[in-house]
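The values are calculated or read from the model by the stated rules, or taken from the named source; none is laboratory data. Fair warning: this is a prediction, and the values are worked out from it, not measured in the lab. A quick note on method: Cβ atoms are made from the backbone with ideal geometry, for glycine too, and the neighbour counts reach across all protein chains shown.
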Amino acid sequence: MNKPTDAELKKAIDLHKAGRAAEAETLYRAFLGAQPRHGEANHNLGALLAQRGEMQQSLPFFKTALETDSSVAQYWLSYARALHAAERSLEAQTLLLQGGRQGLSGPACDLLMAKILMAMGKFDDAAEALQNAAALQPENADLFFNLGNSRAVQGNFHDAVAAYRRAIAIKPDFAEVHFRLGSVLSENGHVAEGFAYYMRRAALVYGGDKPPVPTRPEPEHKLKHDREQREYLAGGKIDSDAPGVPFHLEPGERVTGHAVNPATVTPALLNQWRTSRPQLVVIDDFLSTEALDNLRRYCAGSTIWRRIYDAGYIGATPEDGFACPLLAQIVEELPVTFPDILGPHHFHYLGAFKYDSALSSGTNTHADNSAVNVNFYIAPDEANLDPQSGGMDIWDVTVPPGEDMRLYNRDEALTRDLLHRSNARLTRIAHRANRAVIFRSDHFHKTSDCHFREGYLNKRINVSLLFGRHRALTS
């Protein structure tokens with residue numbers, strides 16, 4: 001057999017760069033069949049496999065590349081990254097330390113070592129390493145971004161914010177820094193400012209000349225929603241087969257006066273919160289009329305519905321644009337309006353969920369990793385074809401102390417068995433426009449069966465706001 005030439009390796013590299021991974025892999029493997037110790041070919045095949053998420057399979061090729069030529073810094077870094085991604089962080093750390101003794105250094109090495117240390121729970125060490133590296137490279141936005149991450153994990157709010165702000169000053173279009181800064185600020189009492197960073201992140205990711213394309217085929221309920229939204233935005237005068245939805249955000253401005261209706265707070269409501277099991281209260285006329293109308297317009301016209309759930313519904317998150325000034329106002333007013341319920345708990349996160357009238361089967365039975373959940377509905381009453389349902393099912397059973405909530409949230413059969421063994425009592429809250437349900441987040445709950453009219457503006461939408469952390473409430 002003829003020995004493969006450098007030209008054949010170059011062809012494999014060109015195919016790889018062009019995104020034709022299957023063809024490139026075939027050529028890499030053929031080349032290595034004749035030259036199994038070729039450093040560049042081993043490294044590139046390892047990189048191709050890693051890009052596909054096949055980390056364990058990539059490791060032998062990275063190892064061979066490094067054994068072949070340890071003078072190439074990229075071989076050290078690629079092998080260490082793959083070990084780290086394969087959850088073999090101690091081996092990755094050992095490898096980088098070995099490389100350091102042989103002269104391996106630089107920003108990429110510092111960043112990777114810090115990420116490995118954070119994965120190992122060595123947050124102080126990671127922060128110190130990043131702080132030292134940033135002092136030597138004051139214009140490296142990636143270093144400050146990761147320094148912010150390490151400080152945030154440590155609970156060091158001020159230093160995390162300072163690091164994120166520095167990263168943005170260096171690189172204003174660094175989308176993920178805006179995301180992280182929005183999260184840290186909003187969770188520490190600076191809701192309006194944090195939401196502005198969330199919104200900036202959405203504009204950077206989706207509003208450019210080349211917005212991201214789906215990584216996999218989208219299901220029918222998402223395609224149907226996007227067709228209907230395009231028609232809504234164009235006044236019904238558009239080809240329903242046109243691809244995509246151009247990035248668009250409605251104003252979503254704050255309202256004058258209260259967004260959350262303060263008249264709903266009564267002694268009876270607070271007594272119900274203290275004594276009910278499951279622990280919950282139901283509140284009608286939750287938002288002011290102006291706030292409800294504005295939020296409906298924002299949810300209808302904004303292209304924020306980017307999270308896809310296999311059960312036939314879609315979601316909107318703050319980092320994708322569900323963080324307009326009106327939502328910040330609602331979040332800010334809630335602890336002030338309901339201090340006896342939400343006062344001790346900081347805002348944590350929010351999202352919205354939109355259900356297809358015909359294709360959705362609703363959420364699974366689950367609990368939320370927070371203390372208190374504020375869930376409210378904005379679809380009009382006439383959209384609901386079953387006024388006795390369409391809201392929420394809540395059981396009087398919480399996640400057992402010491403057990404992992406995630407196990408129950410991903411295993412419906414396990415959850416149902418627990419509810420059966422516990423003789424759980426179900427409370428069903430019907431859907432009503434502008435109705436809120438405030439409840440203890442670790443009560444098992446799910447979307448009730450829902451039957452809504454067809455039509456874009458008839459889709460069931462619920463907004464969920466999370467306050468505090470799991471186990472912050474006592475039984």
- Residue in the stretch 414-455 that is nearest to residue 377 (Cα to Cα), counting only those that are crowded, with 22+ Cβ neighbours inside 10 Å and of a type in the set (Val, Ile, Thr): 437
- Query: Mind checking whether some residue in the stretch 54-68 is outside any helix (DSSP H, G or I) and under 30 Å from residue 216 (Cβ atoms)?
  - Reply: yes
- Message: Quick check on my filter: what residues within the stretch 39-58 are in contact (Cβ under 8 Å) with a residue 12 or more places away in the chain and either of a type in the set (S, T, N, Q) or closer than 16 Å to residue 98 by Cβ (or both)?
- Response: 42, 44, 51, 56, 58
- Query: For the stretch 335-363, which residues satisfy the criterion of being more than 23 Å from the chain's Cα centre (by Cα), farther than 22 Å from residue 410 by Cα and either of a type in the set (A, V, I, L, M) or surrounded by fewer than 22 Cβ atoms within 10 Å (Cβ to Cβ) (or both)?
  - Reply: 335, 336, 337, 339, 340, 341, 342, 343, 344, 357, 358
- Of the residues that sit in the stretch 143-160 and are surrounded by 21 or more Cβ atoms within 10 Å (Cβ to Cβ) and not polar (S, T, N, Q), which one is farthest from residue 196 (Cα to Cα)? 143
- Residue count for the stretch 316-363, restricted to those that are under 25 Å from residue 300 (Cα atoms) and either of a type in the set (D, E, K, R) or assigned to a loop (DSSP other than H, G, I, E, B) (or both): 18
- Task: Please verify whether the stretch 10-17 includes one or more residues that are assigned to a helix (DSSP H, G or I), in contact with a helix residue (DSSP H, G or I) (Cβ under 8 Å, 6 or more places away or on another chain) and more than 27 Å from residue 216 (Cα to Cα).
- Result: yes
- Residues in the stretch 221-240: is at least one hydrophobic (A, V, I, L, M, F, W, C), surrounded by 15 or more Cβ atoms within 10 Å (Cβ to Cβ) and either under 16 Å from residue 330 (Cβ atoms) or not assigned by TED's automatic domain parsing to the domain that holds residue 458 (or both)? no
- Query: What about residue 119, is it farther than 26 Å from residue 203 by Cα, of a type in the set (A, V, I, L, M) and surrounded by 15 or more Cβ atoms within 10 Å (Cβ to Cβ)?
  - Reply: yes
